[in-house]
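The values are calculated or read from the model by the stated rules, or taken from the named source; none is laboratory data. The shown structure was predicted, so the numbers you read here are calculated from the model rather than taken from an experiment. Note that we place each Cβ from the backbone using ideal geometry, even for glycine, and neighbour counts take in every protein chain shown. These area figures cover heavy atoms from the full protein model, side chains too; ligands, DNA and RNA do not enter into them. Shrake-Rupley method; radii C 1.70, N 1.55, O 1.52, S 1.80 Å.
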Amino acid sequence: MRRITILILLLIAAIAAVCGCSGGIAVTDPLYGNYYEIFVGSFYDSDGDGMGDLNGITQRLDYINDKNPDSKTSLHVDGIWLMPIMPSPSYHKYDVTDYFSIDPAYGTMKDFENLLKECKNRGVKVIIDLVLNHTSNQHPWFLKAAEELAEGAPGEFAAYYNVKDTLTTGFHPFGTGGPQDLYYQGVFVDAMPDLNFDNENVKKEIEKIAKFWLDKGVAGFRLDAIKHIYSDQGQNVEFIKWFSDYCRSVKKDVFLVGEVWSAAAEINAYAASGINSLFNFPFAQQTGIIANAIGQGAGEYFSNNLIKSRQALLESNPDAIDAPFLSNHDLDRSAVYFSNDLAKQKMAAALYLFMPGNPFIYYGEEIGMTGSGKDENKRAPFHWSASDSIGETSGPSGMTSYIAPEKGAAEQLQDENSLLRFYIDAVALKNKHPAIAKGATSPIDSGNKAVAAYQQTDGKSAIIILHNLGFDQASVTLPAESSYELAGFLAASGGDVSLRGNSVDLPGFSSTIIVCP
Ligand code: CA
């Protein structure tokens, strides 16, 4: 036992000597990592029926993480977020009819268990979408509730939903077979009746659901629509705290990321619940901080906002992990709002992938897929290859407009200037420097409005991140008291970086990582 300890100590010392400049071994926190969001139905079709499925994801895991950190053919993300996989009458499955199974269109529970096993072999975490705010109006709970109420005998299931006798905004008539003088709440649409969270039985059901999937081996959940649980923010925060505490009692290192589609102040109010993570909507979308910064060549604006955003988030919850992203299944794809401009898409990727926290890449974003307007258009078939259609899905039936990128993933993997290779390089760089993800953020004065500059420190290593969002080369003088080493460079439109002493020359549209030994 003692010999093993000494061997381990020697090994640590050897690694530390090699690392030298950063002064220690990078300690990775299991809660941190880069994620990939997948709409299962549009990702990869393993059996030729046109529908993406769980076995399809298992077959294409090398694309997600091939376990060889040096390969240039894999994204090397640490986790995947699967959009809803439970049985549902809709194509998007955000209205669940059974919280304990897999939608047959996507495969079987065995397929899911197999996917979990294969992901575990590669160190890839799986989080699944959990839709708690509402069920489907085809869920047995709701069907029984309607029956009880129609018979004038409200019982166990009627109390699962919010029912009243006046028709106001957000309420709907039951329709045929249901009570004729009562209305139920469905904040989104009538097909999605809201659950009654004041009912202890509903909360018990939710505990059962969470435990079921955590015991199965999921790393955590993406929590849908959590600002709609109650109409009151304080009650929602209480609910999320209760749910987070419960999940942690089942799995200590559970990772929960919530959707609060709002401005920063409201998102930060929810962070106080103690949930690990909340999506950073203000930096995403066409009108968000990243797109604005790129549109205006305003690097300083980006880093100023980043510093402000970090401060406010960590004040609300010092353990909060930011979840930056560019696009998701509800938003226009970023290729659309960057007008397919390759350099802008690359620059945007570098900006959010190098933000502290757990970035979420929306499937297809990394190959420049387009899609806007109708939701179905934003959830189009992943374009695996321009030369063959093996595994390509048919896409949602309501999809009205979709143009696949000229090059598919297969072709882009071979092209070192492609968007996909840029994503691969950026994620690799981030993986090499864990302080980018988990570290204290402090501002650096770049002296140039086009240049974003900030430092990430995890106590062991200090890392400086510079983005030049201008078209022209920019020179930045770093504080004189340190020495610096170049640790990574990404050019969104060509050129090279140079570092002499504390002076850095950055070509236009480029990102540089510098370590302070
Ligand atoms: Ca299929």
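Please pick out the residue among Leu256, Leu214, Leu223, Leu195 that is open to solvent by less than 60 Å² (accessible area, probe 1.4 Å), out of contact with any Asp or Glu (no Cβ under 6 Å at 6 or more places or on another chain), more than 25 Å from Asn162 (Cβ to Cβ) and of a type outside the set (S, T, N, Q). If you could, list the steps in order and put the result at the bottom.
Working: Leu256 fails: more than 25 Å from Asn162 (Cβ to Cβ); Leu223 fails: more than 25 Å from Asn162 (Cβ to Cβ); Leu195 fails: more than 25 Å from Asn162 (Cβ to Cβ).
On inspection, the qualifying residue turns out to be Leu214.
Only residues that are crowded, with 24+ Cβ neighbours inside 10 Å and either over 16 Å from Glu37 (Cα atoms) or not charged (D, E, K, R) (or both): list them for the range 368-379, please. Talk me through it step by step, then tell me what you get.
Kept after step one, since they are crowded, with 24+ Cβ neighbours inside 10 Å, are these residues of the range 368-379: 368-369, 371, 378-379.
Selection gives Gly368, Met369, Gly371.
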- prompt: Does the range 377-385 contain at least one residue that is under 23 Å from Ser511 (Cβ atoms) and in contact with a strand residue (DSSP E or B) (Cβ under 9 Å, 6 or more places away or on another chain)?
  reply: no
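Please find, within the range 132-145, the residue that is most open to solvent (accessible area, probe 1.4 Å) out of those that are in contact with a Leu (Cβ under 9 Å, 6 or more places away or on another chain) and outside any loop (DSSP other than H, G, I, E, B).
To start, the set of residues in the range 132-145 that are in contact with a Leu (Cβ under 9 Å, 6 or more places away or on another chain) comprises 132-135, 137, 141.
Now restrict to residues that are outside any loop (DSSP other than H, G, I, E, B): 134, 141.
Values: His134: 3, Trp141: 27 Å².
Among them, the one singled out is Trp141.
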- request: Kindly indicate whether Glu411 is in a helix (DSSP H, G or I) and under 23 Å from the mean Cα position of the chain (by Cα).
  value: no
query: When only residues in the range 26-42 that are farther than 16 Å from Pro104 by Cα and aromatic (Phe, Trp, Tyr) count, which is farthest from the ligand (Cβ to nearest atom)?
result: Tyr32
query: Given the structure, is Gly357 at pLDDT 95 or above, more than 16 Å from the ligand (Cβ to nearest atom) and closer than 22 Å to Val257 by Cα?
result: yes
message: Suppose we keep only residues that are open to solvent by 30 Å² or more (accessible area, probe 1.4 Å), at pLDDT 95 or above and of a type outside the set (Lys, Arg) within the range 401-412. Which one would you say is nearest to Phe338 (Cα to Cα)?
response: Glu406
message: Quick check on the range 346-369. Is at least one of its residues more than 28 Å from Gln235 (Cα to Cα), part of a loop (DSSP other than H, G, I, E, B) and among the basic types (Lys, Arg)?
response: no
task: Please work out if Gly395 is open to solvent by less than 60 Å² (accessible area, probe 1.4 Å), under 24 Å from Arg333 (Cα atoms), within 16 Å of the ligand (Cβ to nearest atom) and not acidic (Asp, Glu).
output: yes
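Find the strands (runs of 3 or more DSSP E) located wholly in the range 172-280 whose residues include 1 or more that are closer than 17 Å to Val96 by Cα, and list them. Working first, answer last.
Working: elements: 183-185, 220-223, 255-258, 277-279.
The strands (runs of 3 or more DSSP E) meeting that bar are 183-185, 220-223.
Would it be correct to say that Thr97 is open to solvent by 10 Å² or more (accessible area, probe 1.4 Å), outside any loop (DSSP other than H, G, I, E, B) and either away from the ligand (no atom under 13 Å from the Cβ) or touching a residue at least 40 places away in the same chain (Cβ under 8 Å) (or both)?
Values: open to solvent by 10 Å² or more (accessible area, probe 1.4 Å): yes; outside any loop (DSSP other than H, G, I, E, B): no; either away from the ligand (no atom under 13 Å from the Cβ) or touching a residue at least 40 places away in the same chain (Cβ under 8 Å) (or both): yes.
In short, no.
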task: For the range 44-85, name all the residues that are under 30 Å from Ser136 (Cβ atoms), in a loop (DSSP other than H, G, I, E, B) and either free of Cβ contacts under 8 Å to residues at least 40 places away in the same chain or within 12 Å of the ligand (Cβ to nearest atom) (or both).
output: Tyr44, Asp45, Ser46, Asp47, Gly48, Asp49, Gly50, Met51, Gly52, Asp53
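Tally time: how many residues in the range 126-140 are within 24 Å of Ile240 (Cβ to Cβ) and in contact with a Ser or Thr (Cβ under 6 Å, 6 or more places away or on another chain)? Steps first, please.
Step one: filter the range 126-140 for residues within 24 Å of Ile240 (Cβ to Cβ), giving 126-136, 139.
Now narrow it down to the ones that are in contact with a Ser or Thr (Cβ under 6 Å, 6 or more places away or on another chain): 136, 139.
Of the residues in that region, 2 qualify.
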- prompt: Within the range 110-119, which residues are surrounded by fewer than 20 Cβ atoms within 10 Å (Cβ to Cβ) and either part of a loop (DSSP other than H, G, I, E, B) or within 16 Å of the ligand (Cβ to nearest atom) (or both)?
  reply: Lys110, Asp111, Asn114
- line: Restricting the range 380-392 to residues that are away from the ligand (no atom under 16 Å from the Cβ) and of a type outside the set (A, V, I, L, M, F, W, C), the one most open to solvent (accessible area, probe 1.4 Å) turns out to be Ser387
field: Pro104, sole failed condition from (1) within 16 Å of the ligand (Cβ to nearest atom); (2) assigned to a loop (DSSP other than H, G, I, E, B); (3) within 22 Å of the chain's Cα centre (by Cα)
entry: (3)
